[in-house]
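Reviewing the structure listed below.
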């Protein structure tokens with residue numbers, strides 16, 4: 001299950017949660033793009049935790065559904081207004097998975113998928129062959145399949161430079177140490193992409209992109 005952009009042991013995950021998007025930009029953007037508040041929403045492969053709690057604070061009471069391959073959602077047809085995936089779901093786009101989401105969405109229902117966008121401080125912590133940066137291109141799997149993209153300028157924010165450097169070294173080893181050594185303030189730039197589409201929306205021309213700070 002995924003509530004974070006990296007899979008880490010529990011103590012390190014807790015330290016990252018405390019630093020992650022303290023401004024709350026991700027949940028606010030999801031609620032606005034859905035919209036989600038007061039509607040029937042499913043969180044795909046998202047445990048109880050940081051984002052689940054933040055969405056509840058914004059009026060979103062969501063059902064959590066497990067991730068499966070191939071994707072099967074154990075809810076009746078046309079029973080949801082939105083499906084939201086964070087990092088682990090929709091790593092690329094498969095037509096069968098889109099068809100399954102469209103099956104459970106009502107007309108006008110929305111699919112929102114969160115991934116790291118890259119081109120930031122955090123991107124150096126991903127493996128060199130990580131595909132996330134390519135997904136935001138016009139020829140990437142999301143934009144080719146009718147998704148639009150909303151990019152958020154977020155941060156990992158720590159109490160001090162020492163705390164930031166210690167966490168990066170503990171969680172990511174050498175690459176984290178190198179990144180921490182270059183920091184001049186206790187936060188890392190972190191761009192987050194929300195890929196979003198409406199039920200049954202076909203692939204179109206160049207997809208619209210929005211950038212938010």
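Descriptive notes on the structure:
- Contact order normalised by residue count of segment 104-213, Cα under 8 Å, 6+ apart, percent: 44 percent
- Potential lengthening between residue 106 and residue 56 on full extension [0.36 nm per residue; Cα-Cα distance subtracted]: 15.8 nm
- For the chain: rounded, prolate or oblate by the Cα gyration tensor [a/c cutoff 1.5]: prolate
- Contact order normalised by residue count of the chain, Cα under 8 Å, 6+ apart, percent: 22 percent
- Nearest 10 degrees, 0 to 90: helix 10-19 Cα axis against the chain principal axis: 90 degrees
- Length gained when the stretch residue 22-residue 137 is fully extended (0.36 nm per residue, less Cα-Cα span): 38.6 nm
Values in this text are rule-based calculations from the coordinates and carry no lab data. Since the model is a prediction, treat every value here as computed from it, not as a measurement.
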